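The values are calculated or read from the model by the stated rules, or taken from the named source; none is laboratory data. None of these values were measured; they are calculated from a predicted model. Note: ideal-geometry Cβ built from the backbone for every residue, glycine included; neighbour counts use all protein chains shown. Just the protein is used for accessible areas: all its heavy atoms, side chains included, with ligands, DNA and RNA removed. Shrake-Rupley method; radii C 1.70, N 1.55, O 1.52, S 1.80 Å.
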Amino acid sequence: DSLFNSTGEYREYVGTVANLLRPVRVALVWTDAPGSTVGASWVNDLNLTVTVGGNTYRGNVFSGALSTTGGLADLNDNSELVVLPTGLSGTIRVRVS
């Protein structure tokens, strides 16, 4: 169920922030087959998006130690991280595409 078979597929996970006194950290890490020695070094490019409180955060888009809205999807890494501040509440959506 967790394998992607074609471009454009995604998985979405929905939950709630469990502890308002702690920051929220969401990480996506994957292994990939070696890519071409010319051009893109990755075969697969996954992207992490986290939505909470009406704001959307992309993996590896930071302002200081915390994630910030806006920015572009990370095209260069096989690990992506979103770090949100303490005090967030409500529904959190994590999307891997």
Counting just the residues of region 10-63 that are of a type in the set (K, R) and assigned to a strand (DSSP E or B), which one comes out surrounded by the most Cβ atoms within 10 Å (Cβ to Cβ)? R58
Can you work out which of the residues in region 74-87 that are among the aliphatic types (A, V, I, L, M) and open to solvent by less than 40 Å² (accessible area, probe 1.4 Å) is nearest to D45 (Cα to Cα)? V82
Taking region 41-69 as the region of interest, how many residues are out of contact with any Phe, Trp or Tyr (no Cβ under 8 Å at 6 or more places or on another chain) and either touching a residue at least 12 places away in the same chain (Cβ under 8 Å) or within 15 Å of A27 (Cα to Cα) (or both)? 16
Right, R22: over 16 Å from R93 (Cβ atoms), touching a Ser or Thr at 6+ places or on another chain (Cβ under 8 Å) and basic (K, R) or not? yes
Please go through region 77-92 and pick out each residue that is closer than 14 Å to L28 by Cβ and not β-branched (V, I, T). D77, N78, S79, E80, L81
